[in-house]
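Working notes for the structure below.
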Amino acid sequence: MSVIRIDEVGGKGLDRVNKLLAGVPGGVFKATSAALKRAGDTAKTKAGQFAAAEYTISKGDFMHNVNEKTRVSGDSGGVASMQISFAGSVLPLLTFNTKFSRDGHVQTQVKRNGGAASLEHAFVARIFGQTAVFERVGAPRFPVEQKYGPSTGHMMQNEQVIEKMEQTILETYETRIEHEILRVLNGWGG
């Protein structure tokens, strides 16, 4: 499981929100939590794009295999933190850039900035209606084990992905907070 945690959002802007919404009971919490939730939703939407930029997986395959949860916590003075957790099982190697030939040669590339690796004792087979990459464990023909790439949670632990997620959250929060302040002042924060 990978967790992206934002502890301080807004900085100087939070003081401004406190001043503008001081007379509205619960207004600061409503505005900041709504802006932070929208920022988290935007970051979750872009998570597949960020992972696909670092790994040889399509955004659709990433989003199809990810389980994510968002938790926003805070107090009446404003939202203190947000946590987005990503989890998922390991993905079959064929989900990534894996090529195989009829003569049994298997070549794979999981990360975009890395080169392709040749798997010497691996082969591709269709078992139980699913095509996958397998490798013999020992000298005899059996047992064999299926080869996997990283899970979606592991992909979200990549430093570049984390930086992009944090940047997206901060930028979206800053643009969204103005709209949420107006919603609370106009009585829409309900």
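Just so you know, all these numbers are worked out from the coordinates, no wet-lab data involved. If you're wondering where the values come from, they're calculated on a predicted model, not measured in any experiment. Cβ atoms come from the backbone with ideal geometry, glycine included; neighbour counts cover every protein chain shown.
List the chymotrypsin sites (Phe, Trp or Tyr not before Pro) in region 132-190 that DSSP assigns to loop (not H, G, I, E or B) and whose Cβ has at most 12 other Cβ atoms within 10 Å. Which are they?
Those satisfying the criteria are 188.
In degrees from 0 to 90, rounded to the nearest 10, what is the angle of the helix 159-185 Cα long axis to the longest principal axis of the chain?
Orientation of helix 159-185: about 30 degrees from the principal axis.
I'd like to know which of 65, 18, 49 lies farthest towards the positive end of the charge dipole of the chain, counting +1 on Cβ of Lys and Arg and -1 on Cβ of Asp and Glu.
Looking along the dipole axis, the top candidate is 65.
Which FRET efficiency, nearest 0.05, do residue 123 and residue 171 yield, Cβ-Cβ r, R0 41 Å?
Computed FRET efficiency for residue 123 and residue 171: 0.30.
Lysines near residue 37 by alpha-carbon distance under 23 Å, same-chain residues fewer than 8 away left out - which ones?
12, 19, 46, 59, 69, 164
Within 10 Å of each candidate Cβ there may be at most 15 other Cβ atoms; applying that plus a DSSP loop requirement, which GluC sites (Glu not before Pro) in region 85-154 survive?
Qualifying residues, ordered by number: 120.
Of the residues 149, 40, 114, which exhibits the maximal mean-square fluctuation in a Gaussian network model of the chain defined by a 10 Å Cα contact cut-off?
Among 149, 40, 114, the largest mean-square fluctuation in the Gaussian network model of the chain belongs to 114.
Taking other Cβ within 10 Å of each residue's Cβ, how do 61, 103 sort, fewest first?
103, 61
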